[in-house]
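The values are calculated or read from the model by the stated rules, or taken from the named source; none is laboratory data. All of these numbers come straight from a predicted model, not from anything done at the bench. Neighbour counts run over all protein chains shown; Cβ positions are idealised from the backbone, glycine included. In case anyone asks, the SASA skips ligands and DNA or RNA and just uses the protein heavy atoms, side chains included. Shrake-Rupley method; radii C 1.70, N 1.55, O 1.52, S 1.80 Å.
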Amino acid sequence: MSYPATVTVWFVSTDDPAAVLRSEPKADRGFGRKLLSQINPAWPITPIGEFPLNRSSTPGPAEFYIAGYPGVAVVQTFVESMDTVTDASEVIAHLREALPATDTYVFAQGMDSDYAGFAHYTGTQVRRALAATREVVLEDVGLPDPFEAPYWAGEKAEQLGGITLPFEPSDLTDAAQEAWLGVPVSPEGPDVHVVGYAIDGRPEPKIGPAKPRTKSVNEVAARFADTEKDYDDYEVEAPDEDGHEFAQLADASLAATKRIGRGLSRRLKRLAAQIQDRIRHSDR
């Protein structure tokens, strides 16, 4: 049986990939475009955004998230059907061989199932590979790495009994990625900046700069009428004690604004009269 999955391929040629990823380097658009052109020159390649891989949604069909850093590169994409990790689709095989690397790591997470798997290559040699659902082991190559021990011992998941595995394959796949890269590829880890590309011919999205909010006349008048605060026409008020935004006064009618102005005028006149009265009696 085959499963749709998100597949992430890491190419590592440094002894300390964790140090590279912790520095949160930026991704280069040209790197991904060149890599995809190398895999298939006929693909129409469109950049679709830049974002952290570990804080984004997964790629859809015909989408790739790519980045190249010093000694580390990553490609993530969607695969419609796969079972074993070492004998994956033709696209994944091309991806795995697209860049020279000392070590290549492949991770698969099922989209609508508990399928997951991982593989570690040294050059072209498979050192360790596992692909499974909770009920079925589809691939098990090489000896388990030390980080796998508590999972096989049943210490990381509720035990379901019978023929089920003593762990969730997706949990072990995440653990493999963190163990081999040295950092968690999750919102808790460093940002992994990537560029997204589509190969289905869609146009590049056009995103304009955000425009500053313009205050209404009523809002400015209401802000000025508040004698308890310093006036600043460009200031956006923080929520008050009741949690209501002061900007809600922008909905006041013009008549209400005029009443506020008249009330302010009366208060100012009373204050001026009090000051004048104090001046007159100051010499007594």
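Here L160 qualifies as open to solvent by 20 Å² or more (accessible area, probe 1.4 Å) and over 28 Å from D16 (Cβ atoms).
The number of residues in region 129-144 being buried (at least 16 other Cβ atoms within 10 Å of the Cβ) and not basic (K, R) comes to 7. Of all the numbered requirements in (1) surrounded by 14 or more Cβ atoms within 10 Å (Cβ to Cβ); (2) modelled with pLDDT of 65 or more; (3) not charged (D, E, K, R), A222 misses one, and that requirement is (2).
Under the condition of being surrounded by fewer than 21 Cβ atoms within 10 Å (Cβ to Cβ), among the hydrophobic types (A, V, I, L, M, F, W, C) and touching a Gly at 6+ places or on another chain (Cβ under 9 Å), the residues counted in region 107-128 number 1.
Would you confirm whether any residue within region 18-41 is open to solvent by 40 Å² or more (accessible area, probe 1.4 Å), assigned to a loop (DSSP other than H, G, I, E, B), among the polar types (S, T, N, Q) and modelled with pLDDT of 95 or more? Yes, there is a match, as at least one residue in region 18-41 is open to solvent by 40 Å² or more (accessible area, probe 1.4 Å), assigned to a loop (DSSP other than H, G, I, E, B), among the polar types (S, T, N, Q) and modelled with pLDDT of 95 or more. From the list S23, S81, which residue is more than 25 Å from A116 (Cβ to Cβ) and among the polar types (S, T, N, Q)? The match here is S23. Does P44 count as open to solvent by 20 Å² or more (accessible area, probe 1.4 Å), in contact with a Gly (Cβ under 9 Å, 6 or more places away or on another chain) and at pLDDT 95 or above? So P44 passes the test.
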